[in-house]
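The values are calculated or read from the model by the stated rules, or taken from the named source; none is laboratory data. Treat the numbers as computed from the prediction; the structure is a model and nothing was measured. A quick note on method: Cβ atoms are made from the backbone with ideal geometry, for glycine too, and the neighbour counts reach across all protein chains shown. Quick note on the areas: whole protein, heavy atoms, side chains included, nothing else; ligands and nucleic acids left out. Shrake-Rupley method; radii C 1.70, N 1.55, O 1.52, S 1.80 Å.
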Amino acid sequence: MSIELRKRLFDQLDQLVLIDPHTHINALDPSSHTLADILGYHYYTELSHSAGMSKERIEEEGISGKEKVGRLIENFGPITNTIQYSWFIEMAQKLLDFDGDSVDANNWEKLYDTAEAKMSAGNWTETVFEKSRLESVFLTNDFDDPLEGFDTSKYIPCLRTDDLVFHLTNPRTKVRLFEATNTEITNVASARIAIGKLFDHFTSKGAKACAISLPPCFAPVQVSDARAETALASVLSKGSSADEADQRAVSNFIFWTLAENCRTFKLPFDLMIGVNRKVFPAGVYQGQDLYDSRVSLIQYKDLLNAFPDVTFPISVLASVTNQELVSYSWIFPNVVANGHWWYSNTPTYIQQDCAARLEAIPRTKQIGYYSDMYKMEFALPKFAMYKRILAKVLAENFVIDRNWSEESAIELGTQLLRGNVETIFNVGK
Amino acid sequence: MSIELRKRLFDQLDQLVLIDPHTHINALDPSSHTLADILGYHYYTELSHSAGMSKERIEEEGISGKEKVGRLIENFGPITNTIQYSWFIEMAQKLLDFDGDSVDANNWEKLYDTAEAKMSAGNWTETVFEKSRLESVFLTNDFDDPLEGFDTSKYIPCLRTDDLVFHLTNPRTKVRLFEATNTEITNVASARIAIGKLFDHFTSKGAKACAISLPPCFAPVQVSDARAETALASVLSKGSSADEADQRAVSNFIFWTLAENCRTFKLPFDLMIGVNRKVFPAGVYQGQDLYDSRVSLIQYKDLLNAFPDVTFPISVLASVTNQELVSYSWIFPNVVANGHWWYSNTPTYIQQDCAARLEAIPRTKQIGYYSDMYKMEFALPKFAMYKRILAKVLAENFVIDRNWSEESAIELGTQLLRGNVETIFNVGK
Amino acid sequence: MSIELRKRLFDQLDQLVLIDPHTHINALDPSSHTLADILGYHYYTELSHSAGMSKERIEEEGISGKEKVGRLIENFGPITNTIQYSWFIEMAQKLLDFDGDSVDANNWEKLYDTAEAKMSAGNWTETVFEKSRLESVFLTNDFDDPLEGFDTSKYIPCLRTDDLVFHLTNPRTKVRLFEATNTEITNVASARIAIGKLFDHFTSKGAKACAISLPPCFAPVQVSDARAETALASVLSKGSSADEADQRAVSNFIFWTLAENCRTFKLPFDLMIGVNRKVFPAGVYQGQDLYDSRVSLIQYKDLLNAFPDVTFPISVLASVTNQELVSYSWIFPNVVANGHWWYSNTPTYIQQDCAARLEAIPRTKQIGYYSDMYKMEFALPKFAMYKRILAKVLAENFVIDRNWSEESAIELGTQLLRGNVETIFNVGK
């Protein structure tokens, strides 16, 4: 009974047209040209590397896309169990008319050619949007992105701020900031002006969120202007050789200034909490980051109290932090539970985390899912995975365990998938 | 098959007459007078606040109970998914003959009036006890509670000690202690005398437990009398401006003294581990506390070893600590796993935590559930939630996965729900 | 449907002949002589102790095996719910032709006598291997084990190194090391020579792994030879009264040297992370250890990067660390997820942890299970427990949720149970 029920709920949820509230899509080149764009995604290169393929073979310069895809697929044997592999297969079936259920040395070349032919169609991006039932996607824009040359109602800008908070020690960041704002950062006042200009620019281009990813050790506090002044002077002159305490004070000052601008410009501030960068420096591109799961939202206590009128959609990297996310969203009006991020974006953790959220966080304060994708073709299989799990949780924990009607369950699922994205980010209505 | 099985097990477990081993019931006013008493429960006010209702509107002084209930229910839309909402509906159905399955602007007023009529009956409290199949409830008494005017075999006293351990910096605590014991605390010796008198008083009134809630950073150690002497002098003279180290030493001294008295008076010492108070000071009444899930039972190593003859029923606030609770209960004879507390009192976490306990802790060392309620009407829906989950775990993990008979499964469930409360707290036999 | 499916998958997996990649079997006395050997296992004595039986009664010197078994079983009432009890019953049913489903004061004596008769047969060990469908087992050998008198292809040596890393402060360790290697440790150079000789000896006897258990606070770093020299001098002269920093430096130096030898000798290095020893010193033999679940694999970052060509099969003690194990195995080519250890070796945690691994770690990098047993009779019920859970996960998460064929699911299960043990440890092929 539960399996048919799950299917019925999934089929309903699968009809919805969605807005993807967090991706890394390049608005000027949103979809793939060949399977090399697909399999260049770090999920495939890092798993292949982990399973024994050398980095040199995966990332050899100068090889053709076809050569790269062939190498990867011929070594796919060890990762056929992974959910990431299943994304690839489902994508191929639904978008590329692939009729197999596995891909290997024998059949990849035909798939490659078919893909290349389909992807070269002028309307390929449109086809992907349509088949994926997507209306628009949020971007992840560098702070100095001109945001030009695309439809910002379909590719919705989002100001990504990691560089500002954590890499002002890099002289290049200062240069980029000057080029973007025509303001040279020399002190607290000019830093505030420059950051304000970024928000002006982004919101004038229709940006709907500010976002940042944060290491587990980060615990934002407000620093006085005087302290910010000396710390900033140290960091601007000494770069990465500045005192750690100064670097931390600058990060805090910039971070706090971003939150102030989110308040002024009424932008939600997406916090993606928990990543340690370059834990495995010999890893493939984008396959080097991991985490320390010993992190707590208590580290954000001051921030959440200081900005009651800023909405913080929070993603946590490890499922062990999910219960804190549930509890903080249940208590703090300005905290929203946001999607299932990266290492927690696999079915077992999604199911546990989704179920815990659905039963204890107000239904208006949960964003079901975002794809985090770099190429448009991944929305379909990733959202399909999520919708199956959501349907399972709604079926088992609501319809069966709590006697909900199927209609009510679908309404709840719809709100997580679409409604809350509209209301929280003020889009698509 | 599993669903019918779960139902059969639930129906059996639901027949049991229970003792609720932890509540915040006021023995002099145990049940509600109107729905305002029900919806004044922090679970509703804090969720409504989190979902966007202003604190001013929720807690406006001088409004009638009916006005307050109307305001809350008319804003219930965003929390209809929560398990807390379902408690309210089930309570209304089972205790107030409500025949709907949702409550909103259109039907709340009639429900309010019905409730007021029923609750004004002289035997309402008795009716609630009976319909809830409750025999007695444990209280949470301030240390200076006279414990008079009620039947202490039905409303079982429990000495709550947070104020003594953590708020001796508050001059008022010292005054209250003097008033309760006629002993002025001036040094270690008089502190011991005063605390001994509290235990005398409580046990003479039938108290069956001592209890305390503890922050995640607390790690009790025994301090020498000499150290306690100087620390106590500092805290008694300087209050909250005393050195943190002195405050901590006093907390440790008092805590250790409580454990010594639990040994002398043969009282279990309920430890409720993990809460940070006032994390969200702008929150509604009782809706301000949260936690840092980075806590370990290793912090209690010295205590557990020092008091082998004191039973410690332990509750943990976050489900990530549950496995430690399972393991420590499996190894330490004096550790008992106690209920599903607060932020872990939602179905997904209860199910995972309950299943893990049932398969690895001796069956005699697990207290299934307590309601933690402030008003008697909540025992029914909260215990019903737990019993459904317990029935599910027994059905799936024991009858199906391990081929247990239904009779054996019910025996195990009965022991968790009733038997162990009797043996561990020495009540109701 | 799912239950029949699970059974079909289990039946297939149950046919496999396995190699147990981690046990504490004594190759010179591998199986039990009476039930006292079985119930002397710490799982039974510690649960009985936890449930109220005194240590004196459990461990009284001079009592017969039969007396000991009688005492334990007559007190089994409180632990009949535990999975450990179910191991005993299944073992008795499958190996001893016991036809009951519980054991108590009324029937234990007959079972004891039957067991003794069966176990006294000359081919009992062979019978157990056969009925358990085991081909060989890994041992846990002290570094000074002569490894003589047994078939090392059936009882595969494994160099256990806790004493070297953590107990060089004990003068006895130094003596044992000298006796084993004819090398007196006086400095860094001689320590390297002695350790190299241990690896020579072990690999010449067919050792297939090096192993160690580690406390939660351990975070290995490379120390310079100069630092190692002073630290070693301090520890060798002062023993356990040496500075903690020196002790830590020596632990790091020895640990790093072990990893270097694993590289040289191409041995996997089993890391069993997270145990605190003697947390409950008054506990029964082997029933005193617990843990602090606040541990992270980030502590092993330097090690994993420094030894890309050493395979690290990692076990974690607490399920809250499992997601890190999944993620680190998914990223680092040299990390393998290894079994379900000790306090995480119970069905609820195995199911959650196994499911998370299966969907995100390359299938070649997961060792399904090891028994950790001290006597051969436990392989059967422990592996049976694991295979039932594995069959459940494969049925529900792969065949049902992901439309896998049963054949593919069985292939995956087979790889976890047998194939990966062969490839990772280079045995049994």
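Observations on the model:
- Between residue C:426 and residue B:33, the modelled label-to-label distance comes to 8.2 nm, taking each label 7 Å out from Cα in the direction of the beta carbon.
- Rounded to the nearest 20, the size of the Cβ-charge dipole of the protein assembly as shown about its Cα centre is 660 debye, with Lys and Arg at +1 and Asp and Glu at -1.
- Beta bridges by DSSP in the stretch C:263-338, antiparallel share as percent, to the nearest 5: 25
- Volume of the Cα convex hull of the stretch A:1-70, divided per residue and given in Å³: 174
- Cross-link partners for residue A:238 among the aspartates and glutamates, with Cα-Cα distance under 16 Å and sequence neighbours closer than 8 places in the same chain left out: A:229, A:246.
- For the protein assembly as shown, the equivalent ellipsoid derived from the Cα gyration tensor has semi-axes of 44, 44, 34 Å, listed largest first.
- Rg over Rh for the stretch C:166-250 works out to 0.97, both radii taken from alpha-carbon positions and Rh defined as the Kirkwood radius.
- Ellipticity estimate at 222 nm from DSSP helix runs (n ≥ 4, -39,500 (n - 2.57)) divided over chain A, nearest 500: -14000 deg cm²/dmol
- Trypsin sites (Lys or Arg not before Pro) lying in DSSP loop within the stretch B:84-164, provided at most 16 other Cβ fall within 10 Å: B:133, B:154
- The stretch A:158-338: mean projected area of Cα convex hull, nm²: 10.5
- Spatial separation of Cα centroids for the stretch B:165-201 and the stretch A:103-171, in angstrom: 67
- Considering only the protein assembly as shown, percent of DSSP beta bridges that pair antiparallel, nearest 5: 10
- Accessible surface buried once C binds A (1.4 Å probe; total of both sides; Å²): 3200
- With a 10 Å cut-off around each Cβ of A:392-401, the average count of Cβ atoms from other chains is 2.
- Contact order, relative form, for the stretch B:34-119: 35 percent (alpha carbon pairs under 8 Å, 6 or more residues apart, mean separation divided by residue count).
- In this structure the protein assembly as shown gives 35 Å² per residue of accessible area when probed at 1.4 Å with all protein chains present.
- Length gained when the stretch residue C:106-residue C:403 is fully extended (0.36 nm per residue, less Cα-Cα span): 102.0 nm
- Inter-part distance where the stretch C:36-75 and the stretch B:408-429 are each reduced to a Cα centre, Å: 25
- Annotation for the stretch A:239-346: chymotrypsin sites (Phe, Trp or Tyr not before Pro) lying in DSSP loop with at most 13 further Cβ atoms inside 10 Å of their Cβ are A:285.
- Rounded to the nearest angstrom and listed largest first, the equivalent-ellipsoid semi-axes of chain A from its Cα gyration tensor are 35, 28, 20.
- Estimated from the Cβ-Cβ distance and a Förster radius of 41 angstrom, the FRET efficiency linking residue B:8 and residue A:278 is about 0.15.
- Per-residue average of Cβ from other chains inside 10 Å of B:378-386: 0
- Shape index of the stretch C:90-148: Rg/Rh, with Rg the Cα radius of gyration and Rh the Kirkwood radius from the inverse mean 1/r over Cα pairs, equals 1.11.
- Averaged over the residues of peptide A:330-337, the number of Cβ atoms from other protein chains lying within 10 Å of each residue's Cβ is 6.
- Reachable lysines, given that their alpha-carbon falls under 22 Å from the alpha-carbon of residue C:66 and they are not under 8 places away in the same chain: C:55, C:94, C:110, C:118, C:375
- In units of the rule-of-thumb radius 2.2 N^0.38 Å, the stretch C:265-401 shows an alpha carbon radius of gyration of 1.09.
- Exposed GluC sites (Glu not before Pro) absent - longest run of chain A, DSSP non-H/G/I/E/B, at most 16 other C-beta within 10 Å: A:185-429
- Averaging the Cα positions of each part gives two centres, and for the stretch A:253-272 and the stretch A:355-381 these lie 22 Å apart.
- Inter-copy label distances for residue A:264: 6.4, 6.4 nm (label point placed 7 Å from Cα along Cα→Cβ; shortest first).
- Coil-residue trypsin sites (Lys or Arg not before Pro) of the stretch C:273-340, DSSP, other Cβ within 10 Å capped at 14: C:277, C:278
- Here, the stretch C:34-119 is characterised by an Rg to Rh ratio of 0.93, where Rg is the alpha-carbon radius of gyration and Rh the Kirkwood radius.
- DSSP bridge pairs, the stretch C:158-338: antiparallel proportion in percent, nearest 5: 10
- D by Stokes-Einstein for the stretch A:8-47, Kirkwood Rh over Cα pairs, 37 °C, 0.692 mPa s: 254 µm²/s.
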